[in-house]
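**Student:** Submitted below is the structure of interest, expressed as structure tokens.
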Amino acid sequence: MPNDANSPLSAASGKPVPPRWLKPMNKVFMALSRTGIGMRELPVLTVPGRTSGKPRSTPLSVLDLNDQRYLLEGFPGADWARNVRAAGGRGSLRIGKRIEDVQLVEVDGEEALSVLRVWPERMSDGAKIMLDAGVVTDLTPEAFEAVAGRCGVFRIEVAR
């Protein structure tokens, strides 16, 4: 499939890629979060970079479901998810002024499907970005279930 300026797919791999504006927008969100001007409650995940080892911070959407918290890898091969896997799931999560050490556990099966089913309804902004990038074909539970195994689902646990 050819890649033009409007195509959400990489020409080399044919895989969905994040919109070009996403990383710069995340930097804006991070700056606003640090200054306390809006975005104060923005969840920010920090994990060591898989090659540099330097802390890498990414604003993410956290889904609360059945007394658990979850993250969804919005794009197959997302840097933050690759870093999490390389770090053995260890990281920290900052929400507002509260920072907690966390262990991210990648889940599959029915647990992942239950998260994927509710994602488009409960996390509509992130779901729309995934649709626009071609990760999903529709904003329905069935379309999100179809990315199981391609986009990781991580349960957030308090690190011990």
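**Student:** First measure r as the distance between the Cβ atoms of Lys97 and Asp64, then evaluate 1/(1 + (r/R0)^6) with R0 = 30 Å and state the FRET efficiency to the nearest 0.05.
**Tutor:** 0.95
**Student:** Do you know the relative contact order of the range 22-158, to the nearest whole percent, from alpha carbon pairs under 8 angstrom that are 6+ apart?
**Tutor:** On the way: 221 pairs, mean separation 34.5, N = 137.
In percent, rounded to a whole number, it is 25.
**Student:** If the chain between Thr137 and Arg50 were fully stretched, how many nm would it gain, using 0.36 nm times the residue separation less the Cα-Cα distance? Don't skip to the answer; put the middle values down first.
**Tutor:** Working: separation 87, 0.36 × 87 = 31.32 nm, distance 3.07 nm.
Result: 28.3 nm gained on full extension.
**Student:** According to a simple spin-label model (label point 7 Å from Cα along Cα-to-Cβ), what is the distance in nm between Ala86 and Glu41?
**Tutor:** Result: 3.3 nm between the two label points.
Every read-out reported here was derived from the displayed coordinates using simple, explicitly stated rules and does not represent laboratory data. Quantities reported herein were computed from a predicted structural model and do not represent experimental measurements. Positions of Cβ are backbone-derived with ideal geometry, glycine not excepted, and every protein chain shown enters the neighbour counts.
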